[in-house]
Amino acid sequence: MTGREQPPELSIVIPCFNEEENVRAICAAVTAQAEMFVGSHEIVLIDNCSTDDTRMIIRELCREDPRIRAIFNSRNFGQMRSPTYGIYQASGRAVIGMCADFQDPPEMIGRFVEEWRKGAQIVLAQRRSEPSSLPMRLIRDGGYAFLARFGDHPIIPGATGFGLYDRKVVSALAEWNEPEPFFRGMLLEVGFRLAVLPFDRPSRAAGESKNSFRTLFTFAMSALAGSTRSLLRLPLFASAFFALMTVGLALAALIALAMDGPAGELALAGLAVAGMTLILLSIGLVAEQVRLLSERSRNVPLVIEDERINFPVSAR
C-alpha cells in the first residue's frame with residue numbers, strides 16, 4: 001500500500017466482537033453489493049478485542065482482498081467508542097456503518113447510495129419491526145420515547161445508526177471531543193440533509209447477541225448524558241416539586257392518623273420511595289455528566305490501536 005492511494009468512493013465500517021461465524025459471510029455480501037453500486041470501495045473491520053477466532057479470520061480476509069482493512073483494538077472499548085472510531089478512520093467519500101451479524105442488511109447499500117447521490121448527506125435506516133421479546137420491545141420503545149421527550153435534538157424512533165454518512169458529516173463529527181459518542185444522536189445534532197429509509201430488521205444470521213443488560217444499561221446512561229443536557233435541570237425541578245409536596249405530605253400525615261395504621265403507613269412509605277427514586281435518578285444523571293466532563297478534560301482517545309492492516313501508510 002502507498003500513501004498516494006486515492007480514497008475510495010464508499011467505505012463500509014463493520015465493528016466486530018466475537019463474530020467468527022459471521023465476519024467472512026458479511027464481507028462477501030457487502031463486497032457483492034458495493035461492486036454493484038459504486039466504482040471503488042473499502043471495508044473497515046474494527047475488532048474490539050475478540051476472544052474467539054474473529055481476528056484470525058480477519059487476517060485471512062485482509063490477505064485475500066487488499067480492499068479489506070482491519071483495526072485491532074488493544075482492549076474492548078465498548079459498543080459506543082469502537083464503532084465510532086472505525087467510522088472516523090474510514091477514507092471514503094461516503095461511509096456506511098453497519099453490524100456484522102446481518103441485522104443490518106447489506107441489500108440496503110444500494111438504496112443508501114441512491115439517496116446519497118440524490119443529495120442526502122445522511123441516510124438512516126429506520127427499523128419498522130424486529131424479532132425480539134416483549135420486554136425488550138417495551139424497553140426500547142420507552143427509551144426512544146424518553147429521548148424524544150427530553151433530548152436536546154430530535155430523535156428518530158427505530159434508527160440505530162445503520163446508514164450512510166457523507167464525508168462532510170464524518171469530518172465534522174470527528175472534530176468533536178466526545179469521549180463516549182452517542183453517534184445516532186450526533187448525526188441529527190450536526191444538522192445536514194437527512195433521508196430516512198424504513199426497513200424490517202431480521203434476526204441475527206448466527207451467534208448470540210453481545211448486548212447484556214449491563215451493556216445496554218451503560219449504553220442508555222451514556223446516551224442520556226450525551227444527548228439530554230436539559231436533564232441537568234431535573235434536580236431544580238425536583239426540589240420545587242418536593243417543596244410543594246411538603247404541604248401534601250403534611251395533609252397525608254393528618255389523613256394517615258384517621259386511617260388504619262397499616263394503610264396510613266403504606267401511603268407515607270409510597271410517597272417517600274417515589275421521592276427517593278427521583279432524587280437518586282437526578283444524582284445519577286449529574287454524576288454521569290460529571291464523568292463525561294472529566295473524560296473530555298483528559299482528552300482520552302476513543303480507542304487505542306494494537307494493530308492495523310492494509311491501510312495506506314499515511315492513514316494514521
Could you give the length gained on full extension between Arg308 and Phe192, defined as 0.36 nm per residue of separation minus the Cα-Cα distance, in nm?
38.7 nm
Give me the extension gain from Ser74 to Phe37: residue separation times 0.36 nm, minus the current Cα-Cα distance, reported in nm with one decimal.
9.9 nm
Counted charge near Gly119, where neighbours are those whose Cβ lies closer than 15 Å (Asp, Glu -1; Lys, Arg +1)
+4
Work out how much length Asn177 to Glu114 would gain on full extension: take 0.36 nm times their residue separation and subtract the Cα-Cα distance, in nm to one decimal.
19.5 nm
Just to confirm a number: summing +1 for Lys and Arg and -1 for Asp and Glu over residues other than Leu173 whose beta-carbon lies under 12 angstrom from that of Leu173, what do you get?
-1
For Arg93 and Thr51, what is the calculated FRET efficiency with R₀ set at 41 Å and r taken between the beta-carbons, to the nearest 0.05?
0.70
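Only the coordinates and a few stated rules stand behind these numbers; no lab work does. No experiment lies behind these values; they were computed from the predicted model shown. All Cβ positions, even for glycine, are placed from backbone atoms using ideal geometry, and neighbour counts span all protein chains on display.
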